[in-house]
């Protein structure tokens, strides 16, 4: 009877090991799928404050002179990005529908050519669908020589349909080093 109990115990252990390995493989696969799924979810729902691409201004845009919206500008560097990066102006007040231009300053503080990409987000996230960029340095990668600096333009407008309860929008950019990725794609 001991052999039967041992054999049954081995079958049970094998099932547990196979089940555990299946869970681990499933979790690993889910981890890889999570980022693209999150991107799609944010794009559909407008969550996470992701801003859209280039906005085409129509000639019939009306400016709402009855209210002003405070727009704040923040910058961050990804942990591997050594550049200086900051808004030239930290905040402005705009009338909805009014096109505005601001600039952001960047300087390559290294001794090598580097390529950067800025990724924007808006807070509160609900405001992202009402913040329209007609021109933005974030549409293109920025290549700077060692020690080179640049003022990069952003032209935008806040949609006049912005809900009345929103009085402040914060546009934040994170700057990433994409030098290796661009040199690999050119090779």
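Read-outs: derived from the displayed coordinates by stated rules, not from any lab. It should be emphasised that the depicted structure is a prediction, and the values quoted were computed from it without experimental measurement.
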Expressed as a whole-number percentage, the relative contact order of segment 50-186 with C-alpha contacts under 8 angstrom and at least six residues apart is 35
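Would you mind computing Rg(Cα) / (2.2 N^0.38 Å) for segment 50-186, counting N as its residues? Let's see the in-between values first.
Working: Rg = 16.0 Å, N = 137, 2.2 N^0.38 = 14.3 Å.
In units of the globular-protein estimate, segment 50-186 measures up at 1.12.
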